[in-house]
1. When region 432-449 is examined, which residues are found to be buried (at least 17 other Cβ atoms within 10 Å of the Cβ) and among the small types (Gly, Ala, Ser)?
2. Report yes if Arg126 is surrounded by fewer than 22 Cβ atoms within 10 Å (Cβ to Cβ), over 25 Å from the mean Cα position of the chain (by Cα) and not hydroxyl-bearing (Ser, Thr, Tyr), otherwise no.
3. Do we have any residue at all in region 63-78 that's free of Cβ contacts under 8 Å to residues at least 12 places away in the same chain and touching a strand residue (DSSP E or B) at 6+ places or on another chain (Cβ under 6 Å)?
4. Please tell me if Leu223 is at pLDDT 90 or above, hydrophobic (A, V, I, L, M, F, W, C), over 21 Å from Arg310 (Cα atoms) and open to solvent by less than 60 Å² (accessible area, probe 1.4 Å).
5. Pick from Asp61, Asp11: which is open to solvent by 40 Å² or more (accessible area, probe 1.4 Å) and modelled with pLDDT of 90 or more?
6. When you scan region 234-261, how many residues do you find that are part of a helix (DSSP H, G or I), without any contact (Cβ under 8 Å) to a residue 60 or more places away in the chain and in contact with a strand residue (DSSP E or B) (Cβ under 8 Å, 6 or more places away or on another chain)?
7. Exactly one condition in (1) modelled with pLDDT under 90; (2) within 18 Å of the chain's Cα centre (by Cα) is not met by Ser31; state its number.
8. Considering region 156-187 alone, what residues qualify as being in a helix (DSSP H, G or I), open to solvent by 10 Å² or more (accessible area, probe 1.4 Å) and not charged (D, E, K, R)?
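The values are calculated or read from the model by the stated rules, or taken from the named source; none is laboratory data. Since the model is a prediction, treat every value here as computed from it, not as a measurement. Don't worry about glycine lacking a Cβ; one is built from the backbone with ideal geometry, like all the others, and counts go over all protein chains shown. To get the accessible areas, we keep the full protein, side chains included, count just its heavy atoms, and leave off ligands, DNA and RNA. Shrake-Rupley method; radii C 1.70, N 1.55, O 1.52, S 1.80 Å.
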Amino acid sequence: MTAGAIDTGGDVERDGETEQGERETTSVGRSQNAIYVLPHDTAAMGQFLSPVLERVDRAVDAVQALVATTDAETALALASAASRAGAAGGARVLAISGVARAQRLLRARVPHIVVGAPRELLELVRASALKLDAVKSLVVAWADEILDADGLAALEGVFAEVPKDAARTLVASHMTPPVDELAERYARRASRIGERSGSGLPSDIRYVTVSSASRATTLRRLLDRLDPDGAAVYVRSELASAEAEGMLRALGYGDDDAPVRMTRGTPAPAGSLLVLYELPASGTELAALLGPQPGQVVALVLPRQLGTLRALAAGGAVTSLTLPGPGARATRREEALRDELRAMLADGAPARELLALEPLLEEFDGVELAAAALRLLERARERPVVGAADRASLAAPAPAGWVRIFLSVGTRDGTTPGDLVGAISNEAGIAGDKLGKIELRENHAIVEVSADVSERVLEKISGVNIRGRRVLARLDQEREGRTGVGGERDERGARGAGGRSEWRPRTDGPRGGGPDRGDRGDPRGRRD
């Protein structure tokens, strides 16, 4: 394999498709502009990155390839694929997950390839931290997702900064009118790779949404839930193959004659379960996997891959499959709410509330009124209330084995607990059992994480955008030190501020910014 080639393990010989793919990649390497129609997954990355790497001159210390992508997670995946392929030739790759960190690294040493979201790339260019004079290749992956996320303005700014003679490569999960318009403006006369004339037969597919880090765990939960007599797990890339194989071996499916096995193109046994650990490149490929007597099909997909999955189904039904866990917890919460309402009604209907609602019965049905009242109750419960219980919760240190992390986003930014869980899980690649209590306030949030992953969470989440706001993350040491002996300091703060919890910066370190305690005298002396 040459230094610029990427071995994703996705080449499976089916009616000459492998040879055709090799010819297409070679021709694109010699031409300037190209458009790829490929699913958004790891296996597809090698096909459009290989020609880019061939253009990089490792002896020149300058940014020679720029990859604009959807978000930090995709940037890291693309940078990882490019790093593995370019390691033999010494190509340096930088993924932009935070502008401040990227500026520091760009000053230290210039990479050959830079990968990031258009807004961050443009911000670095305008700050003169990222120089694009020597760029030979510009890749936009995946263009349809960037345009759906209102990233056109930033992307156009990046195009304007790249040299006119640089090769332009557009990658899309499926061609849309906005992508066609983008190609017409910035990638004229581009070669088209990956568009298939046949879409395959209609196939009914169920799916489970996953993150890049949770795919193997979801495979385990799926097999526990369905417990099939036989199953084939389809993979395209070497990374996915190693990941899935490790999980299957741990579950006892390590033998060659095991009822659950991996496949890269062999049709699944008649009537058995087909798990799409990665999506096939086309509907025709999916039809080959299903064989003449297809069984049920379940795909593990990122949310952004749902459009591609529907295209693969070719008109067949695409429905979600809920695994035990979140669904069961939601059901228990709803039942607990009903029990609470039953207990309230068993004590007798509250008279004042009946009088307040009675005039509304002329306009609305009683069930509608009850639903609206329930919505108001849930909103009130979600609203952060700073009281005695909250002060005690905030002042309490994290349980043993857990660390409290301060995040600079809150309810005023539109942040929800789900946003925090998703961001931390995706960026740091940790399981849900490593996350503890979440305290969401107006200006910030406190998240408990397992102590063994705290450093990784701090490193990965700092600089990430949540609800459009760049997050500052640090250990919540100040809050853990709020209470004095016997809670004395907190009680004085409550009395002195009309029952509000008052927090002052620490004064025993470089960030205190104030006099030492001895300089202020005894607070009891002042009160007396």
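1. Ala445, the sole residue that qualifies.
2. Yes, satisfied.
3. Going residue by residue through region 63-78, those that are free of Cβ contacts under 8 Å to residues at least 12 places away in the same chain are none.
The answer is no; no qualifying residue exists.
4. Details: at pLDDT 90 or above: yes; hydrophobic (A, V, I, L, M, F, W, C): yes; over 21 Å from Arg310 (Cα atoms): yes; open to solvent by less than 60 Å² (accessible area, probe 1.4 Å): yes.
It is true that Leu223 is at pLDDT 90 or above, hydrophobic (A, V, I, L, M, F, W, C), over 21 Å from Arg310 (Cα atoms) and open to solvent by less than 60 Å² (accessible area, probe 1.4 Å).
5. Values: Asp11 fails: modelled with pLDDT of 90 or more.
Answer to the check: Asp61.
6. Within region 234-261, the first condition is being part of a helix (DSSP H, G or I), and the residues that meet it are 238-250.
Among the residues that remain, those that are also without any contact (Cβ under 8 Å) to a residue 60 or more places away in the chain are: 242-250.
Checking which are in contact with a strand residue (DSSP E or B) (Cβ under 8 Å, 6 or more places away or on another chain) leaves us with 244-245, 248.
Qualifying residue count for the region: 3.
7. (2)
8. We begin by selecting, within region 156-187, every residue in a helix (DSSP H, G or I); these are 156-161, 177-186.
After this cut, where a residue has to be open to solvent by 10 Å² or more (accessible area, probe 1.4 Å) as well, the list is 156-157, 160-161, 177-178, 180-181, 184-186.
Of everything in region 156-187, those that are in a helix (DSSP H, G or I), open to solvent by 10 Å² or more (accessible area, probe 1.4 Å) and not charged (D, E, K, R) turn out to be Gly157, Ala160, Pro177, Pro178, Tyr186.
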